[in-house]
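Below is one structure, written out as structure tokens, with a few remarks after it.
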Amino acid sequence: MTTNPTRAPIAVSIEGISKKYRLGVINRQMLSHEIQSLWARWRGKEDPHSNVLEEDRDTLQQPRDFWALKDISFTVAKGEAIAIMGKNGSGKSTLLKILSRITAPTEGRAVLHGRLASLLEVGTGFNGELTGKENVYLSGAIMGLTQKEITERYASIIEFSEVEQFIETPIKRYSSGMRVRLAFSVAAHLYPEILILDEVLAVGDASFREKCLIKMDEIRQSGVTILFVSHNSEQILDLCSRGVILHKGTKAFEGPVKEAVSLYTESLHLRGLHNPAFTPPPEGKL
Amino acid sequence: MATANPTTNAEYITVITPHRGWFQIPWREIWQYRELVWVLIHRDYVATYKQTIFGIAWHIVQPIVQTIVFVVIFTYVAKVPTDGIPPFLFYFSGLMFWRYFQDCVTRTSNTFTSNGALFNKVYFPRLIVPISQMFSNLFGFGLNLIFFIVAYLIYEFQGTHVALSWKIIVLPVLIFQTAALSLGLGCLISALTIRWRDLAMVTPLLLQLWMYASCVVFPFSAIPEDKRWMFIWNPLIPIIEGFRFAALGRGTVEVWQILLGAVASVVVLVVGLAVFHRVEKDCLDSV
């Protein structure tokens, strides 16, 4: 299903995105080794730098293609919060990296309507030697804010993070909880049109986690489109209205969030995915 | 490749596709992230010099010490001629440009390997990092230039007349040329280093040798006429000798050499940026 269930304007349109990695290519990281290998092969002799575990040493290991994502398509309407679920290795993070432009797709395309901010990790760009305040400005700038915008939101950022007392101390002296609170606080004030969250609501203690969830809900209600990757069913049900399940790089399900969550939770308990509504493609196709 | 077109504030569309041209560098996007250049420079200086005694004075102390060593070894011991220019000014002027070039190339060539963790988590145009290195090192160059002027004035007052000509107007061009050359070269090396890590080890060695071929420690006039063709390829020689000619009155440089050097710098810059841009999108798959 790739149709837009509501008639709202589209924020994110993912069309046939695929990502291939080549495994088995002997990536000789030393130029000297690469030259030696080429020289040996040219002479018809054995390659001195091929995989030593290779059984048959007369042939080079065949490079294989590994499709981390294959033909993913769906759209997200403006203001919608969609959950992306899947087992580890199903391609969720790869999809987020492609949408965040950290890596490029092999096939397909995606269209983003609006500024996008992704939280793939809290504390992006934090430098231990700088103070909390300097890091707020650094991290904010790395994630796309102008200095003016940061100054405007500075008071709110510090208040949310609860580290006001230590804001002029280098963050190498912070506890891990403090770091995480400050980092998340900066990220929560990015106010993009599209927000991607990769399992980052699992940080901090229980009271802070609740604060984060409330803040995320506020952000969603203000019209921001959210793509939320998580394993946490509760948080997903709280925040999202639709869900997508990825299985070994393909889209296995797309629909209302309750259905998606129950399908996904069931799939975790059974050995295979035997639910009739859930149809992964035959293994050979991957 | 992604193209960002903010048509209005509300309609900011980005299209993500697999293909990336060699020359479609996202200049508009880089301009949008221009503040990040300053923020990164600030980070580099503050993080490096916190808890140090001399702080940024190190930018002047290092070249001064190096110059004194050269004066002692090359002028007093080896008796290498310096074109009639006071030895201290001779070596310092060469070192000024050389250090800027060397610092830019060395730091830029590590872009992908040392920023891998950051690049893996957030997107911003990767060219921002080499560009901020270029400006960051320019600050150090500026400090050196100020010290050079001070030393120059001291020599003037002591009676050693060093001829400053109007040709000093060419200084910004020389700086620009050095910056372009080092940015291009640094980008090229950083792109290649992703695949072949040992280039990162070879680079400092190459730069060491390059310094000795760049008329930093001897004037071009000291090279025998029949051997001069061996140095034609080096775009740094016209820059350094040109500066000495303009600031101190003695230097061997001809117009065609300067032009050739300028063309070479631009070519290296264009090639370096193109390769860097091409490699950027998949760099994390191999780093």
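The values are calculated or read from the model by the stated rules, or taken from the named source; none is laboratory data. The structure presented is a predicted model; accordingly, all values stated were derived computationally and were not measured. Every residue, glycine as well, gets a Cβ built from its backbone with ideal geometry; the counts of neighbours run over all protein chains shown.
Assorted remarks:
- Strands (runs of 3 or more DSSP E) fully within segment A:1-120 counting 1 or more residues that are within 14 Å of chain B (Cβ to nearest Cβ) and at pLDDT 85 or above: A:10-23, A:64-77, A:107-113, A:116-119
- Boolean, A:E159 is free of Cβ contacts under 8 Å to residues at least 40 places away in the same chain, within 14 Å of chain B (Cβ to nearest Cβ), on the phi < 0 side of the Ramachandran plot and not in a loop (DSSP other than H, G, I, E, B): no
- For B:V46: the one exception among (1) in contact with a helix residue (DSSP H, G or I) (Cβ under 8 Å, 6 or more places away or on another chain); (2) touching a residue at least 24 places away in the same chain (Cβ under 8 Å); (3) assigned to a helix (DSSP H, G or I); (4) within 14 Å of chain A (Cβ to nearest Cβ): (2)
- Complete set of residues in segment B:159-179 that are touching a Leu at 6+ places or on another chain (Cβ under 7 Å) and surrounded by 22 or more Cβ atoms within 10 Å (Cβ to Cβ): none
- Restricting attention to segment A:217-266, the residues that are of a type outside the set (S, T, Y) and touching a Pro at 6+ places or on another chain (Cβ under 8 Å) add up to 6.
- Residues satisfying the stated conditions in segment B:86-129, i.e. within 14 Å of chain A (Cβ to nearest Cβ), outside any loop (DSSP other than H, G, I, E, B) and of a type outside the set (A, V, I, L, M): B:F112, B:T113, B:S114, B:G116, B:F119
- Test: residue in segment B:255-262 that is away from chain A (no Cβ under 14 Å) and more than 21 Å from the chain's Cα centre (by Cα): yes
- Subset of segment A:170-207 [closer than 21 Å to A:S222 by Cβ and in a helix (DSSP H, G or I)]: A:F184, A:S185, A:V186, A:A187, A:A188, A:V200, A:L201
- Matching residues, segment B:210-267, being over 23 Å from B:F88 (Cα atoms) and in contact with a helix residue (DSSP H, G or I) (Cβ under 7 Å, 6 or more places away or on another chain): B:F231, B:P235, B:Q257, B:I258, B:G261, B:A262, B:S265, B:V266
- Positions within segment B:222-274 being closer than 30 Å to B:T160 by Cβ, touching a residue at least 24 places away in the same chain (Cβ under 8 Å) and either of a type in the set (D, E, K, R) or outside any helix (DSSP H, G or I) (or both), in sequence order: B:N234, B:E241, B:R244, B:G249, B:R250, B:G251, B:T252, B:V253
- Members of segment B:218-239 found to be of a type in the set (A, V, I, L, M) and within 18 Å of the chain's Cα centre (by Cα), listed by number: B:L236, B:I237, B:I239
- Within the set A:E134, A:E149, the sole residue that is more than 17 Å from the chain's Cα centre (by Cα) and surrounded by fewer than 17 Cβ atoms within 10 Å (Cβ to Cβ) turns out to be A:E149.
- Residue in segment A:135-155 that is part of a loop (DSSP other than H, G, I, E, B), away from chain B (no Cβ under 11 Å) and touching a Phe, Trp or Tyr at 6+ places or on another chain (Cβ under 9 Å) present: no
- Number of the exception - B:S165 against (1) modelled with pLDDT of 90 or more; (2) of a type outside the set (A, V, I, L, M); (3) farther than 23 Å from B:I56 by Cα: (1)
- Here B:R244 does not fit the description of being among the charged types (D, E, K, R), surrounded by fewer than 21 Cβ atoms within 10 Å (Cβ to Cβ) and farther than 30 Å from B:S114 by Cα.
- Residue check for B:G142: buried (at least 21 other Cβ atoms within 10 Å of the Cβ), of a type in the set (G, A, S) and assigned to a helix (DSSP H, G or I): no
- Residue within segment B:200-207 that is of a type in the set (S, T, N, Q) and within 14 Å of chain A (Cβ to nearest Cβ) present: yes
- Taking the criterion of being in a helix (DSSP H, G or I), among the aromatic types (F, W, Y) and over 14 Å from B:L236 (Cβ atoms), no residue of segment B:177-214 qualifies.
- Scanning segment B:7-29 for residues that are modelled with pLDDT under 75 and surrounded by fewer than 15 Cβ atoms within 10 Å (Cβ to Cβ) returns B:T7, B:T8, B:N9, B:A10, B:E11, B:H19, B:G21, B:W22, B:F23.
- Of note, B:A179 satisfies the criterion of being under 30 Å from B:K281 (Cβ atoms) and of a type in the set (A, V, I, L, M).
- Residue match in segment B:68-81 (condition: assigned to a helix (DSSP H, G or I), touching a residue at least 60 places away in the same chain (Cβ under 8 Å), farther than 30 Å from A:L195 by Cα and hydroxyl-bearing (S, T, Y)): no
- Checking each residue in segment A:104-154 for being of a type in the set (A, V, I, L, M), under 19 Å from B:I16 (Cα atoms) and touching a Lys or Arg at 6+ places or on another chain (Cβ under 7 Å) picks out A:A104, A:L120.
- Among the residues of segment A:212-224, the ones that are assigned to a helix (DSSP H, G or I) and farther than 15 Å from A:E234 by Cα come to 5 in all.
- Filter result for B:L183 (modelled with pLDDT of 85 or more, among the hydrophobic types (A, V, I, L, M, F, W, C), surrounded by 22 or more Cβ atoms within 10 Å (Cβ to Cβ) and farther than 29 Å from B:A78 by Cβ): yes
- Residue list for segment A:182-219, filter: surrounded by fewer than 16 Cβ atoms within 10 Å (Cβ to Cβ), in contact with a Ser or Thr (Cβ under 9 Å, 6 or more places away or on another chain) and modelled with pLDDT under 85: A:A202
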